[in-house]
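Data first, discussion second: the structure below is written as structure tokens.
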Amino acid sequence: MIGLLSLLGAVAGFAAGRLARLLLLSVRRGVPPPRWWCESAVALLWAVACGWAAAGGPPWWWLPMPLALGWLAVPLAVCDIRASRLPDALTLPAYPGAAALLGFAALFSSRDLLSGAVLGLVIFAGGYLGIRAVSPAALGPGDVKLAGSLGAVVGAVSVPAVPACMLAAAVVTLLLLRGRPGAAVAHGPAMLAPAWLATAFPELTDARVW
């Protein structure tokens, strides 16, 4: 069963990755991704998320969250790495998308996911907004816009996991900058990776969403 669901996740993720590729090409100042990169990356993330859910991880009603975040993370990472920007066409729709998925999950969860989501949004977005106000060169506007939706999703799993994700993103970025002072490093992927891990594997945060 685990293998079958992983395979189905990979097939569906490949198709979803193709849609992500087409979206990247259609947005204003589109960014052409490397050939098959979107399809392969989304297929891998979806296969892992579906396989873990089948192995006794998060329940079925939480699975749409890591699937959606994994799909969003791939085109955002491509844009940030290749064009050094996180487009509004991807970061802004993430807010109503996250709200809809969190509202759906809240119908089944025995925990108060929504209050955690609000706190997570305030912590992540507020922290990044403060950093940008003090040092505009440290973060781009797209990073700040992305922070709110990521904070809401991670906060629904575990509020303490939000600053942990922020710290992980900062550490990864600093490591990439090591020996390259003044170099431009994409910060978006460093934000997205720990956030996806927290949603796909809530056990890593010592929290359960059900």
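Some notes on this structure:
- All positions within the stretch 77-123 that are open to solvent by 30 Å² or more (accessible area, probe 1.4 Å) and not in a helix (DSSP H, G or I): SER84, ARG85, LEU92, PRO93, LEU107, PHE108, SER110, ARG111, ASP112
- Qualifying residue in the stretch 126-139 (condition: of a type in the set (Phe, Trp, Tyr), assigned to a helix (DSSP H, G or I) and buried (at least 18 other Cβ atoms within 10 Å of the Cβ)): yes
- Contact annotation: residue pairs with Cβ atoms under 8 Å, 6 or more positions apart or on different chains, pairing a residue in the stretch 184-199 that is farther than 12 Å from ALA73 by Cα and open to solvent by 30 Å² or more (accessible area, probe 1.4 Å) with a partner that is outside any helix (DSSP H, G or I) and not basic (Lys, Arg), are ALA184/SER84.
- Per-region count, the stretch 28-69, residues open to solvent by less than 20 Å² (accessible area, probe 1.4 Å), part of a loop (DSSP other than H, G, I, E, B) and over 25 Å from ARG111 (Cα atoms): 2
The values are calculated or read from the model by the stated rules, or taken from the named source; none is laboratory data. Bear in mind the structure is a predicted one, so any value in this text is a computation, not a measurement. Backbone-built Cβ (ideal geometry, glycine too); neighbour counts: all protein chains shown. These accessible areas exclude ligands, DNA and RNA; they are computed on the full protein's heavy atoms, side chains included. Shrake-Rupley method; radii C 1.70, N 1.55, O 1.52, S 1.80 Å.
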